[in-house]
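Reviewing the structure listed below.
Since every read-out is calculated from the coordinates, none of them should be taken as a lab result. Just so it is clear, the model here is predicted, and its values are computed rather than measured. All Cβ positions, even for glycine, are placed from backbone atoms using ideal geometry, and neighbour counts span all protein chains on display.
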Amino acid sequence: MRKVLITHNELCVGCHLCEEVCSQAWFKEINPAKSAIRITELGNADWGMAVCNQCGECIAVCPTEALYRDKAGVVRIKKDLCVGCLSCVGFCPTRTMYYYAGYVEPFKCISCGLCAKECPAEALAAETLPD
Amino acid sequence: MEMKEITQERIEALRAGHKVLAEFHYEPRPVERGYAGKTLYVNVSTNTIGAKPVDERMKRTFIGGRGFDLWLLWNAVKSDTRWDSPENEIVIASGPLGGIVQYPGTGKSIAVTISPLTGIPVDSNVGGYFGPLLKFSGFDALEVQGIADREVIVFIDGNAGLVQIMEAPEESVNSHILAEEIVALFGQTPQEKQGVSSVSSGVGAEHTLIGCLNFSFYDPRRKLTRLKQAGRGGIGTVLRKKKIKALVVKYVGVKGDSNHPTDLETIQQVGAKMHREIYERDPIMFTMRLDGTNHLTKIMNDYDILPVHNFRYGSHPEAEKIYSPHFQKYFVYDAPDGCWYGCTLACAKFAAGLELRTGPYKGQTVTVDGPEYETVAGIGANCGIWDAHAVLEANFYCDAYGIDTISFGTAMAFAMECYEEGILTPEITGGLKLNFGNADAMLEALHQMSRGEGFGVIIGQGVRRMKQIFVERYGADPQFLQDIGMEAKGLEYSEYVTKESLAQQGGYGLANKGPQHDEAWLIFMDAVNNQIPTFEDKAEALHYFPMWRTWFGLNGLCKLPWNDVEPADNRTRYKGIEAAKVPEHVENYVRLFRAMTGRDDVQSGADLIRMSEAVYNFQRIFNLKMGSGTREHDAIPYRSVGPVTDAEYESRAERYDQQLRELVGVDPSGMTTAEKRQALRRYREAQYEKLIDAVYKRRGWNERGIPTLEKVRELGIDFPEVVALIEAHTQKGT
């Protein structure tokens, strides 16, 4: 069982509201560089949606066991254990482990679903998938 | 590591034996811009402990790491200090970039001492957590002087601000057990255990001159302690002479900003970029994450550079038996293998399930880090032992006993050749049949080193002393032993055949500490790719690359992430030697140094080279202070230059005959092998002397290999003692 934020790129209208909701929820400010979901313009009115798929490959590269999978199947970071080496950032297959320059620890999507609730195009959904 | 757990009863017994002999309290302060600003001095003769300030000139001139080590050692020893004199020190340092967690290869410690093998300073770099934890505890370097009158542990608690010398009669001496005991003694939670690192050696170091230091780090996933080695030059022998069982540091709380850099953002950007590069490039380049450095064994064999049978040959039909796949079956890949946080190149390999067939731990199933290429090439190929299990077993015991695998392999190969040549007999070796390929004899000699008995102890004195002993006691031909004994300055060669690379002959012969490849590795550039054809080209390479590589040691860095992975466009953007410099990575280091220290005057790779040049020349002059450091000490054995025997010549006759015709201008037809060998030798030895002339000139040294006064002034190392030394030698000499 794995709780994952599902993206439907074909529905995305590029409003960036998800980025605002995410950074507001977790960093208390509107700043796309502090969002765990990133929307990029691909041209021809297409939009790329980059967010963690909870694959968990980062867990194996963490030297301090700060990364783990919780009961809901979501990959999370224990900030007190994390030294901020950013190995996980470099080794993320989907490039969706993020860091904000000057902050020691990286951050990632934890499938909270707040952005999905606000998405006007229904391009996002927090779903629980079987393993 | 032994897999047995240390019992609570055992821990209490160890603690009961502890008696504090000296104590020093200090106020822990945060590291600023990569520097703690103090060094720690410990004397185990007098039981005194103190802190010394690090001033701006020390930082500017010596940078840190090996630079700080050498400066502190210089001030501690006299020209007649020997390795076993009480005033000799072991100095260990990280460096200003040490302990960065965002960039790979930033956890190195550099250890320096007056070597028992060479009588001059040796520097040896090593992974594990000790150096960075020492710095975060408040000290840029640790000096240990004196000889204790009983077994001691030096303990640094960087969180509490406490340093102790304690009597430690009960702890084990062999590192694989001792390191576990130390972690059990000083760490409770997994985080605390990860904050404990020890430096230790083993019983083998007590009976030989080739003792190594083991630096530990705790692996929280496997719940055991792993060991990395400062192998070269017998520093472990010095540690045991001082009756030190372990140097221990404890610091809990490492974070990505523990160095308090000037510009954390840049360090993060450069680091994250590098992690990505390794993720994308390592699997298609050198597979360090899969194989570690042993991926080199196949490459070296393919290019005729793998030392076989005491460096006689460069390849062997059976070499495949010690290629990576034969070790992969022991490796476990269930955890990150960096020897410091954030090292994603992760060349440390974790071998498990090794059942020991010999020795005091026979029958036990153990784990061991490695094997490194040097270990496989030295104990395997060079001794003709094409047996992965035997190599791993020797690797385990070398680490446990505190023996350098490189000196062990090269010294063993020398003894084996002497045995096969009839110089040594079973009567002399006490029955050890030291034929090439005899793994049991190799392992028994290693166990003898640990017990302090038998012919193994003679081998453990190293090649230089073996040559003397074999001449004096057994009537060996001194010239032959000089030709085949692979040592220079008293240090055993590391594991590359240099016969076809004049530049690398110089890389070894001119290395400050003796023939170790960490100073220069030019074989491909020189012999394979022919990119440095003239003497001036070779001299330039023997200026740039040793200086460049020295820089890693000044900063607490590992060399591997520099050129054991390259950006995808490195070979299209740059050609030849420029590509070999990996300019984008050089730029990474410039950015890291500036971001850490805030030194805006550091703008390019040339500024980094200049830092190294000061320390490198200082080390050369340190050699001079200790009675070495002149041209005659840069001489190398002919085995590293060309074929010593007819069999060697004939094994590559086509190559050598062609060189006689094309390079020497001699027609080999009608000549005997011995005559051809002599003609080639005269040519090659003359080439080496010409190379030395060119390199000395490029480095700003006189023809005797002494840095000129002008040079030392230019480099800012014109300390009064340095000037006096150079003046005395210049008047005496030329």
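Overall dimensions of the range B:551-659, expressed as equivalent-ellipsoid semi-axes from the Cα gyration tensor (√(5λ), whole Å, largest first), are 36, 25, 11. Positive end of the dipole of the range B:8-250 (Cβ unit charges, origin at the Cα centre): among B:Ile244, B:Ala148, B:Pro53, the Cα lying farthest that way belongs to B:Pro53. The three principal axes of the C-alpha atoms in chain B carry coordinate ranges of 78, 59, 55 Å, sorted with the longest axis first.
Normalising the average separation of contacting C-alpha pairs (under 8 angstrom, six or more residues apart) by the number of residues puts the relative contact order of the range A:2-125 at 30 percent.
Here the convex hull built on the C-alpha positions of the range B:287-423 has a volume of 112 cubic angstrom per residue.
Which are the unpartnered cysteines of chain A, meaning those with no other cysteine Cβ under 4.7 Å from their Cβ? Cys with no partner Cβ under 4.7 Å: A:Cys12, A:Cys15, A:Cys22, A:Cys55, A:Cys62, A:Cys82, A:Cys85, A:Cys92, A:Cys112, A:Cys119.
Taking other C-beta atoms within 10 Å as the exposure proxy, B:Thr645, B:Thr572, B:Thr730 rank B:Thr572, B:Thr730, B:Thr645 from fewest upward.
With no solvent and one point on each alpha carbon, what is the Debye value of log10 I(q)/I(0) for the range B:674-734 at q = 0.16 Å⁻¹? Computed log10 I(q)/I(0) values: -0.60. From the largest down, the range B:488-586 spans 41, 33, 22 angstrom on the principal axes of its Cα atoms. Taken one residue at a time, the phi angles of the range B:215-222 give Karplus couplings (6.51, -1.76, 1.60, θ = phi - 60°) of 9, 9, 8, 8, 9, x, 6, 8 Hz. Gly and Pro are set to x.
The peptide list B:108-114, B:259-265, put in order of mean Cβ contacts within 10 Å with the highest first, becomes B:108-114, B:259-265. Averaged over the residues of peptide A:101-111, the number of Cβ atoms from other protein chains lying within 10 Å of each residue's Cβ is 3.
Sum up the charges of everything whose Cβ sits under 15 Å from the Cβ of B:Glu536, counting Lys and Arg as +1 and Asp and Glu as -1, but leave B:Glu536 out. Walk me through the intermediate numbers first.
Values: positive: B:Lys538, B:Lys690, B:Lys697, B:Arg698, B:Arg699; negative: B:Asp526, B:Asp537, B:Glu540, B:Asp693.
Result for the local shell: +1.
In this structure, the amide hydrogen of B:Leu424, modeled 1.01 Å from its nitrogen in the peptide plane, lies closer than 5 angstrom to those of B:Tyr419, counting only residues at least 5 positions away or on a different chain. Both the radius of gyration and Dmax for the range B:397-505 are 13.6, 41 Å, in that order, over alpha-carbon atoms.
Size estimate for the protein assembly as shown follows the Kirkwood approach: the inverse of mean 1/r over distinct Cα pairs works out to 28.1 Å. On the principal axes of its alpha-carbon atoms, the range B:8-250 has extents of 49, 40, 32 Å, going from largest to smallest. For chain A, the longest principal axis of the Cα atoms and the long axis of helix A:17-27 meet at an angle of about 30 degrees. Peptide B:96-102 has a mean shielding of 3, counted as Cβ atoms of other protein chains within 10 Å of each residue's Cβ. With N the number of residues in the range B:212-257, Rg(Cα) / (2.2 N^0.38 Å) evaluates to 1.43. Taken over the alpha carbons of the range B:465-509 as equal point scatterers, the Debye sum produces base-10 log I(q)/I(0) values at 0.13 Å⁻¹ of -0.35.
Taking only the Cα atoms of the range B:311-362, the radius of gyration and Dmax are 15.3, 41 Å. The Kirkwood radius of the range B:118-248, taken over pairs of alpha-carbon atoms, gives through the Stokes-Einstein law at 20 °C and 1.002 mPa s a diffusion coefficient of 145 µm² s⁻¹. Inter-chain neighbour count for B:258-265: the average number of beta-carbon atoms from partner chains within 10 Å of each residue's beta-carbon is 2. Taking the Cα centre of chain B as origin and assigning +1 to Lys and Arg Cβ atoms and -1 to Asp and Glu Cβ atoms, the resulting dipole is close to 960 debye.
Among the listed pairs B:Lys59/B:Lys559; B:Lys108/B:Lys135; A:Lys108/B:Lys108, give every one whose C-alpha distance is greater than 23 Å. Listed pairs above 23 Å: A:Lys108/B:Lys108. Please give the Cα centre distance for the range B:429-470 versus the range B:71-127, rounded to the nearest Å. What the calculation gives is 28 Å, centre to centre.
Here's the picture: charge each Lys and Arg Cβ at +1 and each Asp and Glu Cβ at -1 in the range A:2-125, and of A:Ala125, A:Val104, A:Ala45 the one pushed furthest to the positive end of that dipole is A:Val104.
Would you work out the relative contact order for chain B, in percent, from Cα pairs under 8 angstrom that are 6 or more residues apart? Worked out over chain B, it gives 14 percent. Distance between the 7 Å Cα→Cβ label points at A:Thr94 and A:Arg69: 1.4 nm.
Please list B:129-141, B:506-518, B:21-33 highest first by mean number of surrounding beta-carbon atoms within 10 Å per residue.
Values: B:129-141: 28.8, B:506-518: 24.0, B:21-33: 14.8.
Top to bottom by mean Cβ count within 10 Å: B:129-141, B:506-518, B:21-33.
Based on Cβ point charges of +1 for Lys and Arg and -1 for Asp and Glu, what charge dipole magnitude is obtained for the range B:286-492 about its Cα centre, in debye rounded to the nearest 20?
Numbers: 15 positive and 27 negative charges, 47 e Å.
The calculated dipole for the range B:286-492 is roughly 220 debye.
Each stretch of four or more DSSP H residues adds -39500 (n - 2.57); spread over every residue of chain B, this sum gives -12000 deg cm²/dmol at 222 nm.
Going down the list B:Lys38/B:Lys193; B:Lys625/B:Lys690; B:Lys255/B:Lys575; B:Lys575/B:Lys711; B:Lys321/B:Lys349; A:Lys34/A:Lys79, which pairs span over 28 Å between their C-alpha atoms? Result: B:Lys255/B:Lys575; B:Lys575/B:Lys711 exceed 28 Å.
Divide, for the range A:1-125, the radius of gyration over alpha carbons by 2.2 N^0.38 Å, where N is the residue count. Write out the running numbers ahead of the final one.
Working: Rg = 14.2 Å, N = 125, 2.2 N^0.38 = 13.8 Å.
In units of the 2.2 N^0.38 Å rule of thumb, it is 1.03.
Using the C-alpha gyration tensor of the range B:409-469, what are the square roots of 5 times its eigenvalues, in whole angstrom, with the largest one first? Please list the in-between numbers first.
Working: eigenvalues 42, 36, 23 Å².
Taking √(5λ) for each Cα gyration eigenvalue gives 14, 13, 11 Å.
Only Lys, Arg, Asp and Glu count, each charged at its Cβ (+1, +1, -1, -1), so figure out the dipole size of the protein assembly as shown about its Cα centre, rounded to 20 debye. Each step should come with its number before you reach the end.
Working: 95 positive and 113 negative charges, 228 e Å.
For this selection, approximately 1100 debye.
Cross-link partners of A:Lys28 among aspartates and glutamates, defined as those whose alpha carbon lies under 19 angstrom from its own and excluding same-chain residues fewer than eight positions apart: A:Glu19, A:Glu20, A:Glu105, A:Glu118.
Rounded to the nearest whole Hz, the Karplus-based 3J(HN,Hα) values (6.51 cos²θ - 1.76 cosθ + 1.60, θ = phi - 60°) of the range A:44-61 follow the sequence 6, 6, 9, 10, x, 10, 10, 8, 4, 9, 6, 5, x, 5, 5, 4, 6, 8, with x at glycine and proline.
When peptides B:438-445, B:579-586 are sorted by average Cβ neighbour count within 10 Å, with the highest value leading, the order is B:438-445, B:579-586.
For the range B:197-323, the pair-distance distribution built from all alpha carbon pairs, in bins 5 Å wide starting at 0, is 2, 8, 10, 10, 12, 17, 17, 12, 8, 3, 1 percent.
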